[in-house]
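Report on the structure given below.
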Amino acid sequence: MYGRVRKKRIVAAGVLTLALVFAVVFAVVWRSCARTQQAPSYDLWVAGIPVTQQILPEGYAGRPGMKRKVRQIVIHETANTSRGANAKSHAKYLLEYAKDTEISWHYTVDDHEIYQHLPEDEVGWHAGDKLTKGGGNQAGIGVEICINEDGDYEKALINAEKLTAHLLYKYDMTIDDVKQHADFMQKNCPTLLRDSGRWEEFLQKTAEYLKTEQNDSSETQK
Ligand SMILES: [Zn+2]
């Protein structure tokens, strides 16, 4: 009789210890999972789109570091339809390639996020017109729109329109200050927008988003 009670107690203690060990292991695993599942932190948001600032280091060939006044937005398309050729992969590409090569632009936009590669008040090498005063490189903010086949081009367009409207508003510019890369050199860029005859539509939607920005700010000023 006495022995059976003791045996029961030992079994109960064993079960309790096991449960405790399981609980600790579960808690540790759960915490580490929760940590890795945390949403990535973004540097800022523009019109509801997350922006990561991955600015090219000073001294890179792609970052001449020349300050200027922003006078226009220069729209490009990446011309890269490969799977995964999104904003993030272009940021990675620039970080490697712009070190020794004079190539750069300010923003890459895809269907879900934006990467910034240069400060807005610095010259970039994207328009092919060297340092022509008031030209695409010297006075433009270069925006690349992704056309990767596994991305949603329509969404990327909307995000680019919103970013462009935001920049127009920020620098007190008008819709006439939105230019194509093709305005500065003989190159069919932004290719899809030009070939599909949708450039006017891009401008029209950007103008609508600009109006929204202006209305929003006058609301908050009231
Ligand atoms: Zn271009």
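For Trp45, what is the net charge nearby, where nearby means another residue's Cβ is under 13 Å from its Cβ and Lys, Arg count +1, Asp, Glu -1?
Details: positive: Lys162; negative: Asp43, Glu113.
In short, -1.
Which whole-percent values make up P(r) of the chain when all C-alpha to C-alpha distances are grouped in 10 Å steps starting at zero?
The calculated distribution, bin by bin, is 8, 28, 29, 11, 6, 5, 5, 4, 3, 1, 0.
If you take the beta carbon distance between Glu208 and Lys170 as r and set R0 to 25 Å, what does 1/(1 + (r/R0)^6) give as a FRET efficiency, to the nearest 0.05? It would help to have the intermediate numbers written out before the result.
Values: r = 17 Å, r/R0 = 0.68.
For Glu208 and Lys170, the calculated efficiency is 0.90.
Might you report the magnitude of the Cβ-based charge dipole of the chain about its Cα centre, with Lys and Arg at +1 and Asp and Glu at -1, to the nearest 20 debye?
Roughly 2000 debye for the chain.
Taking amide hydrogens as modeled 1.01 Å from N in the peptide plane, which residues meet the under 5 Å criterion relative to Ile147, leaving out close sequence neighbours?
Under 5 Å from the amide H of Ile147 lie the amide H atoms of Thr78, Ala79, Asn80, each far enough along the sequence or on another chain.
Enumerate the calculated ³J(HN,Hα) couplings along segment 118-124 in order (Karplus 6.51 cos²θ - 1.76 cosθ + 1.60, θ = phi - 60°), each rounded to whole Hz, writing x wherever the residue is Gly or Pro.
9, x, 5, 8, 10, 5, x
Rounded to the nearest 500, what is the chain's calculated 222 nm mean residue ellipticity when only DSSP H runs of at least 4 contribute -39500 (n - 2.57) each, over all residues?
-14500 deg cm²/dmol
Keeping all protein chains in position, work out how much accessible area His76 exposes to a 1.4 Å probe, and write it in Å² to the nearest 10.
Answer for His76: close to 0 Å² accessible.
Quote to one decimal, in nm, the extra length available between Leu16 and Asp183 on full extension: 0.36 nm per residue of separation minus the C-alpha distance between them.
52.5 nm
Nearest 0.05, what FRET efficiency do Glu102 and Arg71 give at R0 = 22 Å with Cβ-Cβ as r? Present the calculation step by step, with values, prior to reporting the outcome.
On the way: r = 21 Å, r/R0 = 0.95.
The value I calculate is 0.55.
Add +1 for every Lys or Arg and -1 for every Asp or Glu among the other residues with Cβ under 15 Å from the Cβ of Arg63, and state the total.
Value of the local net charge: -4.
Work out the charge dipole of the chain with +1 on the Cβ of Lys and Arg and -1 on the Cβ of Asp and Glu about the Cα centre, then indicate which of Tyr209, Gln53, Trp125 is farthest towards its positive end.
So the residue we want is Gln53.
What distance in nm lies between label points placed 7 Å from Cα along the C-beta direction at Asp152 and His112?
1.0 nm
Set Lys and Arg Cβ to +1 and Asp and Glu Cβ to -1, take the dipole of segment 87-222 about its Cα centre, and tell me which of Gly134, Ser89, Gln116 lies farthest positive.
Towards the positive end, the residue furthest out is Gly134.
Around Tyr115, with a cut-off of 12 angstrom between Cβ atoms, what is the net charge of the other residues, counting Lys and Arg +1 and Asp and Glu -1?
Summing Lys/Arg as +1 and Asp/Glu as -1 gives -2.
Across segment 125-222, how many lysine pairs, 8 or more apart or on two chains, come within less than 18 Å at their alpha-carbon atoms?
The result is 14.
Test of the criteria: in segment 119-222, which GluC sites (Glu not before Pro) are in a DSSP loop and have at most 16 other Cβ atoms within 10 angstrom of their Cβ?
Of the GluC sites (Glu not before Pro), the ones in loops of segment 119-222 whose Cβ has at most 16 other Cβ atoms within 10 Å are Glu120, Glu149.
The values are calculated or read from the model by the stated rules, or taken from the named source; none is laboratory data. The shown structure was predicted, so the numbers you read here are calculated from the model rather than taken from an experiment. Every residue, glycine among them, receives a Cβ derived from its backbone with ideal geometry; neighbour counts consider all protein chains shown. Ligands, DNA and RNA are excluded from the accessible area calculation, which covers all protein heavy atoms including side chains. Shrake-Rupley method; radii C 1.70, N 1.55, O 1.52, S 1.80 Å.
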